[in-house]
Structures are given as structure tokens and as C-alpha cells.
Amino acid sequence: MIQAPQVASFEEWRTAARDLLRAGVRPEAVNWGAPEGGDLFSGAPTPAPAQHNADITTQAPHVPRSLLEMLQKAACFRAPDRWAFLYRVLWRWTQGEHDVQSPADPDGSRLHGMVKAVRREEHDMHAYIRFRERPLDAGPPRFVAWFEPRHEVLPQVAEHFVARMGKLSWMIATPEASVLWDGQALHHTGPLMSSAADLDDAGEALWLTYYRSIFNPARVNAQLMQSHIPSRFWKNLPEGAIVPSLVSQAELGARKIGQVQAVGRRSGATIPISAEAAQPDREQPSKLDECRRCELWQYATQAVGGEGAKRAQIMVVGEQPGDQEDLAGKPFVGPAGKLLDRVFAQAEVDRKTIYLTNAVKHFKWEPRGKRRLHKTPVQREIEACHYWLEKELAAVKPKVIVAMGATALKSVMRKATVTLKDTLGKPIRHDGIWVVTIYHPSYVLRVPDEAAKQEAFSVMVKGLKLAHELLERPDLPEPD
């Protein structure tokens, strides 16, 4: 029995197999396991016994690319005898038994099965890896993932994510090895984590909230879910922790409710009618947190009402809460709010004397990875939320309304056709209240050109100053 060198990769096995083939060593004469004694890393294999000298070759045989690629893929399959099996397949091919590559051959059938299993594992790793975002102050890697592959597919999967994620730094950890991408090069190393419990992601709660909101109990099929996603992947998926309870709720009656809601949302024939007249009969809630007048409440963390002086002479109306406002429950606390503070300071306006609110009280957003990006409310959502703006107007009784952006202007004027560009700098009298229009702070933040950004900022400052002039000049004639 000849002891083959200890191998840990396909390239090492390929070198050892080439030497054995040149020496004419038959598969049954090679021990690919660890030797009982001596140096595990002894060099070339021992020459074949005398009775096999007639079979010794002097040159490594040519192997077709298709077989070589199958052997390389099968080398990732975890099996105690994989190196011995691959050498047997290679030996048989060199002896003219080309059927060994056919699925009809016993060895060929096993080879095809190994290749299929490895490819399946690569696919599953592409599909079920979940990267967790790390805080910026934690340094690289920016994203970290944990996976428990059945086979040794980490190197080729890493190449896939290099192409997918560009220059973002990331790390994939497994029980046996880890790979790190620093934005320029891949680094392979040993295990760096013990389980998915080592990961911490502040955005995971947001993802679970979104997942609950899109989960449709009327269409749930537990058996189909289990067939599409093997159970071994669920434990490392964030949504895996809540899916059992969602399925249970569906089986206990939520499926029937979901069907009723789905039927109720079906649209009928389109009939030409004004937007206001087409609004449905809605509930008249007494508390903003109880509002269900449109569907936005389902996807927001909470409703965000107005804030400021209870008898303010000026009311500033924005479009809707942003991401940070949705989480904090207060208007204009994010980047747009900070820019608005600068506008107030430039216009010499005390924010405490202003009443700040939004035309729409729930944050409307769409997912981009694990981020929530602003999405403009549609007219029916603006109309539904005007109920709360009317309550605020009745309570505060402002003399001037400053509408920031087109959405706020449409809500205040109750007209879908009114435009921002036609009203900037031109006070409008509406229901006995002066209306002044300015840009929304988020527009100023988005403008790429610095000169245009300064111009938009100046328009906002002038609009606030005009609002104060209107307070001091009640006799100002209404425009034509």
C-alpha cells in the first residue's frame, strides 16, 4: 500500500494524482488517508511494486476539460473518501474506460451527484446569505454574514459577492473558514466566528417590521415554504424567528381575514370623477395614533403630529415625516429639520413661535436593501390626511401658512393642479389665511449644484421673511 501525500485542496490532489499516474500506481494501491506513522508531508509517492512495472507510464495523460472541471467541482464535496474516489475516476479514464464520466456508470453516477450537490450548495449560499450591516464607527468590514455550508464552496461563492457588492467591504464567516473583501482584494483565513449569535444588526428590527407588513396570511403555504427553503437555513435568516408565529396565526384565522381584505382592495371600473368626490367614507378617529383612513399606517412606526406654539400666527406645513421623524415621533428632527433651523436663523425667526406639521402624518417609504427611502404620497393619501390638517388649523388658527413643497401646497389648497413654480414668492389668500410657498428642505439637500443649492436656500429665507411681513401688514391687498 502506497501512502499518498496529505492533500487539502484540488490543486494539491491534482499534483499528487499526476505523480501517481506517472508511476502507474493503481487506485487500490494508494492510501489517501493520514499515515499511521512517519511524516504526513512526505514527498513523492513510493514507486509501484515490481509486478506493476509493465503499467508504468512516463508522461501524465491528457484529460479532457469537461472531466477536469467535474473533478474540480466534485473536490468541494465533503466525503471521507473523496480524494480516493476522484483518483479512481481519473485512473479509469486513463485506462480507456471513458464511460466513467457517464451517469449510467456507478462511479459516473456518484461523480455527477457530487457535482450537482456542490452546485446546489453554491446556489443556496448565494440565495440565503444575509449580510448584517455594522456601525460606521466600527470600521471595516461594513457587512458581515454567517453561513454553515455543507460543502467547501466558500472560495467560489466569495468571487460571486465580489462581483455583486463592488468596493463595499464585507466578510463571510463559516465554521471552518472565513473570507474578507476589503474593497480591493480577497483574504482567506480560518474561522473567526462561532455562530450567527456573534452578529449584531441595528437595522434587523426594521427589516422584521417590513417582513411582517408584506406577509400575506391568505396565501401562506407552509409545505411550499419548507420545500423552497430547507429548514437548515431558517435558523440563520432574521425572518426565521417570526415565520412560525405568522404561519400559526394564518392557520388560526388570519387567512380568512386576509382573503376578505384582498377582495376588498380589488378595483372596479374607472369612472371620471373629481378626486375629492371620489374619496370613500372614512372613519373619524379622535386620536392620531388610531388613524386608519389610508394604508400608510401599516408600514410606519408611528404617526407624527404637529409640534409648536398652540396659538402660533404662522404654521409651517411640510410633506410627510422622514425616516428619523418616523422613529422619533416628532416633526423635522432629521437632516431636513436641521436645514430648516438654519433657514429660521437666517430669517431671524424663533422656531418656538412657529407651529410645524406635515400634510401627511405617516412616513411613506420603499425598501432599498435595509434602508427606507422616501416615497412621495399620492393624492388620495393627501386627501385622507387632510382631516388632521383641518383639525390643526382649527386649533391653532394661524394667520399665515407656509407650504414647503408641492405636496404641502396641494394639501393646503385642496387642489391637485396647483404647482410650486407658479406660486413661489407670491402670497395667496385662501379661506381667509395667507399662504406662502417655499421649497422643502429635502429639495435643498438634494440639489447637486452648489449655486442652485444657495439659490433654493435663499428662496426659503425670503419666504419666511414674507410670512412675517404679512403679519405686520394685514392691509396688504389680495393678488389678482
_Additional length obtainable on full extension of the chain from LEU471 to ARG22, 0.36 nm per residue less Cα span_ = 151.8 nm
_Accessible surface, the stretch 337-440, averaged per residue in Å² (probe 1.4 Å)_ = 45 Å²
*Give the accessible area for TYR439 in Å² (nearest 10); use a 1.4 Å probe, count only protein heavy atoms, and leave out ligands, DNA and RNA.*
50 Å²
*asked:* With a 1.4 Å probe and all protein chains left in place, how much of the accessible area of the stretch 78-161 comes from carbon and sulfur atoms, in whole percent?
replied: 52 percent
*Compare ASP431, ASP99, ASP81 by solvent-accessible area with a 1.4 Å probe and give them largest first, with all protein chains kept in place.*
ASP431, ASP99, ASP81
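Could you tell me what percent of the accessible area of the stretch 271-418 is made up of carbon and sulfur, with a 1.4 Å probe and every protein chain present?
Numbers: 3660 of 7320 Å².
For the stretch 271-418, the apolar C and S fraction of the accessible surface comes to 50 percent.
Could you pull out the pairs from LYS364/LYS391; LYS287/LYS465; LYS426/LYS453; LYS370/LYS397; LYS415/LYS465 whose alpha carbons sit more than 30 Å apart here?
On the way: LYS364/LYS391 21 Å; LYS287/LYS465 34 Å; LYS426/LYS453 21 Å; LYS370/LYS397 41 Å; LYS415/LYS465 25 Å.
Too far apart for the 30 Å limit: LYS287/LYS465; LYS370/LYS397.
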*What accessible area, in Å² to the nearest ten, does a 1.4 Å probe give for CYS294?*
30 Å²
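Which FRET efficiency value, to the nearest 0.05, do you get for ASP182 and GLU239 by plugging their Cβ-Cβ distance into 1/(1 + (r/R0)^6) with R0 = 25 Å?
On the way: r = 30 Å, r/R0 = 1.18.
E(calc), rounded to 0.05, equals 0.25.
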*TRP83 accessible area, 1.4 Å probe, all protein chains in place, Å² to nearest 10*: 30 Å²
_As an exercise, identify the trypsin sites (Lys or Arg not before Pro) in the stretch 284-347 lying in DSSP coil whose Cβ has no more than 15 other Cβ atoms within 10 Å._
LYS287, ARG292, LYS310, ARG311
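The values are calculated or read from the model by the stated rules, or taken from the named source; none is laboratory data. Every value quoted in this text rests on a predicted model; they were computed, and no experiment measured them. Don't worry about glycine lacking a Cβ; one is built from the backbone with ideal geometry, like all the others, and counts go over all protein chains shown. Heavy atoms of the whole protein, side chains included, go into the accessibility calculation; ligands, DNA and RNA do not. Shrake-Rupley method; radii C 1.70, N 1.55, O 1.52, S 1.80 Å.
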